[in-house]
Amino acid sequence: MVEAETPRRYCNLIPGLPDDLAAECLIRVPYTSHSEMGFVSRSWKALIASNSFYAERRRLSFSDRLLCLVQPLPTSQIHPPEPSGDVDCKPDTEQPTYGLTVYNATDQTWQRISTPQNSLHVPMFCHCVALPSSRKLLLLGGWDPQTLEPVSAVYSYNLITREWTRAASMSKARSFFACTAVGGNRVYVAGGHDSQKNALKSAEVYDADEDEWTTLPEMEQERDECHGMSWRDEDKFWVVSGYGTDCQGQFRHDAECYDPGTNSWTVVENVWPFAALSPRCTAAITGHKGREWHWFLGSQQLRLQELNSNEEGGSWDVARSVIRVPEGIDGSNLPCVAGFGLDGEGCDEVFVMGSDSKRPGAGGVCCAGEGAFILGRDKKWRHVHRPSAFAGSPYSASYLVL
C-alpha cells in the first residue's frame with residue numbers, strides 16, 4: 001500500500017474504488033505515462049511526485065530499470081536523407097552531435113530524449129548522472145559542440161515531467177573529469193582539464209535540493225581523465241587514476257578518496273594497475289563478498305578483474321578470476337559501463353556498451369549495433385539488441401530505478 005506523506009492529497013484517486021486499491025492499480029502504469037497522469041487530477045499529480053509511490057513500485061516489482069546514456073547521434077538524425085534516396089553507408093566525417101538515450105532494461109526498449117530546439121545542445125563528452133531521490137538526470141560539463149571548449153554548464157531533466165531546466169553551473173569549466181552521485185542528492189566532480197588542457201586538482205560538490213555548488217579542498221595530485229566512483233552504503237567520493245599536465249596518457253596507479261566527515265582527501269596506492277588505459281571503464285558493485293570494483297578493459301582479449309576492499313588492512317587485493325567480455329564489443333574502444341540494481345537498493349547487474357566493430361560509421365546508420373550486453377548475478381552475459389539508431393558508442397552512463 002502506498003502510504004501518503006499527506007493523506008488528504010490522495011483522496012478519491014479513482015471514483016468508486018478505495019484509495020489503497022486505486023493506488024495498487026496506478027503503480028502498474030509505466031513511468032513513460034506518468035507525465036500524462038499528472039494532468040488527470042491533483043491527487044494523481046501528488047501521487048506520482050511522492051517517493052513512497054516509487055518505493056511501492058519497486059517493492060511489488062513494477063519498477064522500470066533505466067540505463068541513461070550520452071552517445072553520438074546517427075548521421076540520419078542530424079542530416080536526414082532525401083525522401084527518395086537511400087541511406088549511404090559512408091563514414092561520418094563531421095563532428096558528432098550528442099544526444100541523451102534511455103534504455104529500459106525492464107521492457108527492453110530504447111528511447112531518445114528530445115531537447116529544446118535552439119536552447120540546449122548536449123555537450124560532447126558530458127557526464128550523465130542520475131538522482132534517484134528526485135528522479136532527474138544531470139548533464140555536467142564536457143565540450144561545447146561548436147567551439148570545442150570545456151563548459152561549466154549543468155542541465156537537469158525530469159524523467160517524470162519531461163522538463164529540461166538549467167541548473168547552477170560548476171565554478172570551473174572542465175572536461176574529462178571524475179563525477180558521480182553520492183547519497184541520492186549530491187553530485188561530486190573533481191579533476192579533468194581546462195580550456196588550456198591543464199590537468200586540474202580542484203573539486204566541488206552539488207546539492208541538488210538547493211541547486212548550489214560548494215568548493216572542496218583540492219586533491220593532492222592533478223588528475224585528467226580520471227574516473228569517479230562511490231558505493232551506496234557510504235558517503236565517500238573516489239577519484240581513480242588520471243594523469244598530470246606533463247604526463248599525458250600515463251595513467252597513475254593510485255586513487256584519492258574524499259571523506260565529507262573530515263573534509264579531506266586520502267591517497268590510496270595501487271588501485272589502477274594499467275598505466276596505458278583509461279580507468280573510466282569501471283563499475284562499483286556491492287556484491288556478496290563486500291565491495292567490489294569491476295574493471296572492463298578494452299583490448300583484443302578483454303578482461304574483468306575484481307578489486308575487493310579489505311576493511312581491516314586498508315589495502316586492495318586483486319581477485320585473479322577472469323571473465324571475458326563478449327566479442328560483440330570492439331576491443332579498440334573502451335566500453336561504457338554502468339551497474340544497476342533489480343530492487344533499487346543493491347547492484348545485481350552490470351551493463352556494458354562499446355562501439356560495434358561492424359558498423360560503417362561513427363553514427364552506426366547502416367548496420368544494427370550489437371555491442372551491448374548485461375552481466376547478471378550468475379556471471380553470464382545476456383545480449384541486448386541495440387537498434388542502429390542507438391549504435392553510437394556512449395561516453396557516459398548512469399542508472400535509475402523508477
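Scanning the stretch 173-204 for residues that are surrounded by fewer than 19 Cβ atoms within 10 Å (Cβ to Cβ) and in contact with a Leu (Cβ under 7 Å, 6 or more places away or on another chain) gives Gly184, Asn185, Asp194, Glu204. Of the residues examined, Val129 is one that is touching a residue at least 60 places away in the same chain (Cβ under 8 Å), in contact with a Leu (Cβ under 8 Å, 6 or more places away or on another chain) and among the β-branched types (Val, Ile, Thr). Does Asp235 meet the test of being modelled with pLDDT under 95, part of a loop (DSSP other than H, G, I, E, B) and touching a Gly at 6+ places or on another chain (Cβ under 9 Å)? In short, yes. Is it the case that some residue within the stretch 147-160 is part of a loop (DSSP other than H, G, I, E, B), of a type outside the set (Phe, Trp, Tyr) and within 29 Å of Met37 (Cβ to Cβ)? Yes, there is a match, as at least one residue in the stretch 147-160 is part of a loop (DSSP other than H, G, I, E, B), of a type outside the set (Phe, Trp, Tyr) and within 29 Å of Met37 (Cβ to Cβ).
Listed by position, the helices (runs of 4 or more DSSP H) inside the stretch 18-64 whose residues that are modelled with pLDDT under 90 and in contact with an Asp or Glu (Cβ under 9 Å, 6 or more places away or on another chain) number at least 3 are 51-59. Scan the stretch 16-37 and give yes if some residue there is exposed (fewer than 13 other Cβ atoms within 10 Å of the Cβ), more than 21 Å from Ser134 (Cα to Cα) and among the acidic types (Asp, Glu), otherwise no. Yes, the stretch 16-37 has at least one match. Of all the numbered requirements in (1) modelled with pLDDT under 70; (2) out of contact with any helix residue (DSSP H, G or I) (no Cβ under 8 Å at 6 or more places or on another chain); (3) among the small types (Gly, Ala, Ser), Gly363 misses one, and that requirement is (2).
Of the residues making up the stretch 38-61, those that are β-branched (Val, Ile, Thr) and open to solvent by less than 40 Å² (accessible area, probe 1.4 Å) number 1.
If you go through the stretch 79-99 one residue at a time, do you hit one that is within 25 Å of Phe351 (Cβ to Cβ) and modelled with pLDDT of 90 or more? Scanning the stretch 79-99 turns up at least one residue that is within 25 Å of Phe351 (Cβ to Cβ) and modelled with pLDDT of 90 or more.
Residues in the stretch 135-154 that are touching a Phe, Trp or Tyr at 6+ places or on another chain (Cβ under 8 Å) and surrounded by fewer than 20 Cβ atoms within 10 Å (Cβ to Cβ): 2 in all. Filtered by the rule that a residue be open to solvent by 40 Å² or more (accessible area, probe 1.4 Å), within 16 Å of Ser156 (Cα to Cα) and part of a strand (DSSP E or B), the stretch 103-134 gives a lone residue, Arg112. The set of residues in the stretch 161-181 that are of a type in the set (A, V, I, L, M, F, W, C) and assigned to a loop (DSSP other than H, G, I, E, B) comprises Ala168, Met170, Ala173, Phe176, Phe177.
The values are calculated or read from the model by the stated rules, or taken from the named source; none is laboratory data. Not measured: the values here are computed from a predicted model. Positions of Cβ are backbone-derived with ideal geometry, glycine not excepted, and every protein chain shown enters the neighbour counts. All accessible areas refer to the heavy atoms of the entire protein, side chains included, with ligands and DNA or RNA removed. Shrake-Rupley method; radii C 1.70, N 1.55, O 1.52, S 1.80 Å.
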